[in-house]
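First the structure, in the form of C-alpha cells, and then the observations on it.
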Amino acid sequence: MNGDTLHSIGELARRTGLTVKTVRFYSDQGIVSPADRNPAGHRRYGADAVVRLDLVRTLRELGLGLPAIRQVLERELTLPEVAAAHAEAIEVRIRVLRLRQSVLRAVARRGATAEELTGMHRLARLTESERERLIGEFLTEVFGGVPDEVFGGVRVGGEFAGVARSLTPELPEEPSAGQVEAWVELARLAGDAGFRELLRGLTEGEVAEGVPGSVPRPGLAVLVGELAGPAVAAGVAPGSAEAAGVVAVLLERYAGLAGAGGVGGVGGVDGVDGSLRARLVERLRAMADPRRERYLELLAVVNGWAPPRSSAEVLDWAVRALAWAG
C-alpha cells in the first residue's frame, strides 16, 4: 500500500477488523478524519487512518475511554503517561473485585443471610481510616477508660499500650483474598459486645492481680503452659493422681500471683480455699474462650504473621484437672 491510496469506510473496516458502524462513529467523533471525499460525497481515508484505528482498537481493548484516547492521539498526553494512569485505575478495580470476591466466598462458605451479606460487604469496603476507628473503639473499650479506684490506683493506659498495639490488625495496601476475608470476620468479632466484655474481664483480672500484661496475662498463661503443657503432652489424665500434683503446684503458684495484687491476702498452699480455686477456673475458662483464640488466628492472617500456637487443649486440661482435684 502506498501513501496515496485512499480507502472507503468499508475498506477501512476490513483492514482494521472493526465494523463499518464503529469506523463511522470514530470518524464522526474526530478520532480519524477523512482525507478526501469522492464525487458522490463518500468519505475516503488515508493510510494514517489505518494506523490510528489500530491504536484506538488496542487502547479500547485495554479499557481506555475515548477522552484518554483522544488525548494520546492529539499528543496532549504521552502514551506512557496514559498507560501508567490506566494501570493504576485497573489496580484499584482489581482491589475492589478482590473485596467482592472475598465477601462472596465467605457468604457461600457460611451460608450467610441477606442481612449478614450486607454487613460483610460494608466491612470489606471500609477505608483505612474507618478500619482504624473501628479497631480503636474496640481496643479502647477493652483497655481504656477504667476508673483507678476499681483497680487499686493502677493506670491502665500506659501499661497496656503495647498490648493494644500487638492486637491491632493492619490490612496491607494490596491484601490477598484470604486477608480480606480474615479482616471481615475479625471486624465482626471486634464488634461483638460479648467478646469485648470477655476481653474486658480478662484485662480487669490482670490489673487486679497487679501484673498488667497481655490478654491473657503472660504470667498466668506461661504458668499454665509450663505446668499443664508437659502433662498434656505426656497424656496424663485430668483425674489422675499425677494431675492432682500438677494442680497443687498450679494453685500454690497462682496464690502467689493473686496475693501479690492483694486479692484475698492468699499466699501458699495452706491458704488456698475454694474461692481462689473458683477464681482460677473462671480465669482459665475465659482464656479458653474460642473467640479469643479465633481473634488471634485472624489477626495473624491479616498481619501476615505466623499462625499462633493453640493453647485450647492445655487450658481445657487445666480446667478439668482443677475440677477433679476440687
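The values are calculated or read from the model by the stated rules, or taken from the named source; none is laboratory data. On a predicted model such as this, the values are computed, not experimentally measured, just so you know. Reconstructed Cβ throughout: ideal geometry from the backbone, glycine too, with neighbour counts over all protein chains shown. Note: accessible area is taken over every heavy atom of the protein model, side chains too, but ligands, DNA and RNA are not part of it. Shrake-Rupley method; radii C 1.70, N 1.55, O 1.52, S 1.80 Å.
Take the conditions hydroxyl-bearing (S, T, Y) and under 30 Å from R15 (Cα atoms) and apply them to T78. Does it pass?
yes
Would you please name the residue that is least open to solvent (accessible area, probe 1.4 Å), looking only at residues in the range 278-309 that are closer than 16 Å to G201 by Cβ, without any contact (Cβ under 8 Å) to a residue 40 or more places away in the chain and of a type in the set (A, V, I, L, M, F, W, C)?
A288
Residue-by-condition table, conditions (1) without any contact (Cβ under 8 Å) to a residue 60 or more places away in the chain; (2) surrounded by 11 or more Cβ atoms within 10 Å (Cβ to Cβ); (3) within 18 Å of the chain's Cα centre (by Cα):
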residue: V72; (1), (2), (3): yes, yes, no
residue: E88; (1), (2), (3): yes, no, no
residue: V92; (1), (2), (3): yes, no, yes
residue: R98; (1), (2), (3): no, yes, yes
residue: R105; (1), (2), (3): no, yes, yes
residue: A108; (1), (2), (3): yes, no, no
residue: A112; (1), (2), (3): yes, yes, no
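Considering L117, L53, which residue is open to solvent by 50 Å² or more (accessible area, probe 1.4 Å) and part of a helix (DSSP H, G or I)?
Selected residue: L117, the only one of L117, L53 that is open to solvent by 50 Å² or more (accessible area, probe 1.4 Å) and part of a helix (DSSP H, G or I).
Quick one: how many residues across the range 11-50 are open to solvent by 60 Å² or more (accessible area, probe 1.4 Å) and of a type in the set (S, T, N, Q)?
3
Name the residues in the range 186-210 that are open to solvent by less than 40 Å² (accessible area, probe 1.4 Å), under 27 Å from R125 (Cα atoms) and of a type outside the set (A, V, I, L, M), would you?
Scanning the range 186-210 gives G194, F195, R196.
Name every residue in the range 66-82 that is at pLDDT below 80 and part of a helix (DSSP H, G or I), in order of residue number.
Passing the criteria: L79, V82.
Looking at the range 202-239, which of its residues are modelled with pLDDT of 90 or more, of a type in the set (G, A, S) and on the phi < 0 side of the Ramachandran plot?
Those that are modelled with pLDDT of 90 or more, of a type in the set (G, A, S) and on the phi < 0 side of the Ramachandran plot: G225, A228, G229, A231, A233, A234, A237, G239.
Hey, any hits in the range 139-152 for a residue that's part of a loop (DSSP other than H, G, I, E, B), open to solvent by less than 40 Å² (accessible area, probe 1.4 Å) and modelled with pLDDT of 80 or more?
Checking the range 139-152: not a single residue is part of a loop (DSSP other than H, G, I, E, B), open to solvent by less than 40 Å² (accessible area, probe 1.4 Å) and modelled with pLDDT of 80 or more.
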